[in-house]
1. Return the only residue of ARG15, ARG96 being under 23 Å from ASN154 (Cα atoms), surrounded by fewer than 20 Cβ atoms within 10 Å (Cβ to Cβ) and among the basic types (Lys, Arg).
2. Go through the residues of the range 65-85 one by one and say whether even a single one is over 13 Å from ALA245 (Cα atoms), of a type in the set (D, E, K, R) and outside any helix (DSSP H, G or I).
3. Any idea which residue in the range 44-85 is nearest to the ligand (Cβ to nearest atom), counting only those that are farther than 18 Å from PRO238 by Cα and buried (at least 20 other Cβ atoms within 10 Å of the Cβ)?
4. Which residues, counting only those in the range 86-108, are closer than 24 Å to GLU287 by Cβ and more than 16 Å from the ligand (Cβ to nearest atom)?
5. Considering only the range 109-117, I want to know if a residue exists there that is within 16 Å of the ligand (Cβ to nearest atom), assigned to a helix (DSSP H, G or I) and under 23 Å from ALA186 (Cβ atoms).
6. Criterion first (surrounded by fewer than 24 Cβ atoms within 10 Å (Cβ to Cβ) and either part of a loop (DSSP other than H, G, I, E, B) or at pLDDT 95 or above (or both)) does GLN190 satisfy it?
7. Only residues that are acidic (Asp, Glu) and within 16 Å of the ligand (Cβ to nearest atom): list them for the range 156-190, please.
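The values are calculated or read from the model by the stated rules, or taken from the named source; none is laboratory data. Only a predicted model underlies this, so the values are computations on that prediction, with no experimental measurement involved. As a convention, Cβ positions derive from the backbone with ideal geometry for all residues, glycine included, and neighbour counts pool all protein chains shown.
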Amino acid sequence: MIRAKPDVEALTPYRAPLEGRRSLLRLDFNESTMGPSSAVVDAIRNLPPDAYATYPEYAGLNEAFAATLGVAVKHVEAFNGVDAAIRAIFDAYGGRGDAFLTTVPTFGYYEPCAQQQGMVIDEVQYLDDLKYPLAAITRRLEARPRLFFICNPNNPTGTLMTSQAIVALARAAPETLVVVDELYVAFTGQSVVPAALELSNVVALQSLSKAAGLAAVRLGFAIGHPTIIERLRRVTGPYDINMFAVVAGKAALADPDHMRRYVAAVLAARTWTLGELERLGVRHSAEGGNYMLVWPPGDCEGVVQALRARGILVRSMARKPLIDGSFRLTIGTREHMQRFMTAFSAVIGREVHA
Ligand SMILES: Cc1ncc(COP(=O)(O)O)c(C=O)c1O
């Protein structure tokens, strides 16, 4: 066997258990339970054969996304999902021995990307009530880490920071690249864009995976100062985004009402679900995003498996600091949440009136 680089040999890869889910109600990965605009499906269906045979063309894609944000196109670049933007950030900015400041628990893909570059990881835990550890982070930033990620709202805790607080952190740390992962911005409306665009050390990440219902298509965007955007382009392959994503992304961006309707449905279903969990007396935590944490009574793993046996997937948070014993529940439409609540109340043996 030819060994890979030492950093790769030592790496714990990020693996999501994503196989065999299609026939089940998927409330485990914060995807849309409604799917994309029908305009997306039509646009893909109508593609002529030569669209498959030709390398993709990107004209108009960044422009369309920039227009939805109301920013100049020089601030925007598309990626093969936000995951690819995260990779590009570490490739471009993460050097061996450099410090990567982050929080825990948070989105699982940051850490392997940092490890792959041989970075030194500095993790600060969320507070006991899942609030942001602002005082500790402020102190750690004084050591001028190379990279600092804020997942806002944080996946999985839902912790939400104001854009003013994030911009203040970034202003206080001009030598640190501050990455604001805004994957769930559609559900919170809280963004550092456009406030942070004038700062040369901030980049935000947004995606069409969740609210627009395009997780399989893979399309995300980095939004920031043009100097950062240009460095990220340097480390990205010429055709890393495939043609289907370009076509689907343009069609989705041309139908903003579809996303608005879905977000409104999720927010209404969220209120309903929270009320039901209150009535059942089940501990839960929900701040930002189309998801919440639920601490079922008794054995969490057992509850997750029993839900699966009833055709409903949720994501166990077992062994994660602070939130061990909970599962993350994606919030879908009211109909889907009613299905969840009926199954959940049966599993935990309490009555519910869905
Ligand atoms: C916080 C966060 N960032 C990034 C991603 C990846 O997004 P994308 O599907 O655009 O690659 C996810 C996916 O679940 C996420 O939760």
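1. Criteria check complete, one pass: ARG15.
2. Scanning the range 65-85, I find at least one residue that is over 13 Å from ALA245 (Cα atoms), of a type in the set (D, E, K, R) and outside any helix (DSSP H, G or I), so the answer is yes.
3. Ranking the candidates gives PHE65 first.
4. Correct list: LEU101 only.
5. The answer is yes, given that some residue of the range 109-117 is within 16 Å of the ligand (Cβ to nearest atom), assigned to a helix (DSSP H, G or I) and under 23 Å from ALA186 (Cβ atoms).
6. yes
7. Those that are acidic (Asp, Glu) and within 16 Å of the ligand (Cβ to nearest atom): ASP181, GLU182.
Per-residue answers, yes or no, for (1) out of contact with any helix residue (DSSP H, G or I) (no Cβ under 9 Å at 6 or more places or on another chain); (2) over 25 Å from SER32 (Cβ atoms); (3) of a type outside the set (D, E, K, R):
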| site | (1), (2), (3) |
| --- | --- |
| PHE244 | no, no, yes |
| ALA252 | no, no, yes |
| TYR262 | no, no, yes |
| THR271 | yes, no, yes |
| GLY281 | yes, yes, yes |
| GLY289 | no, no, yes |
| PRO296 | no, no, yes |
| CYS300 | yes, yes, yes |
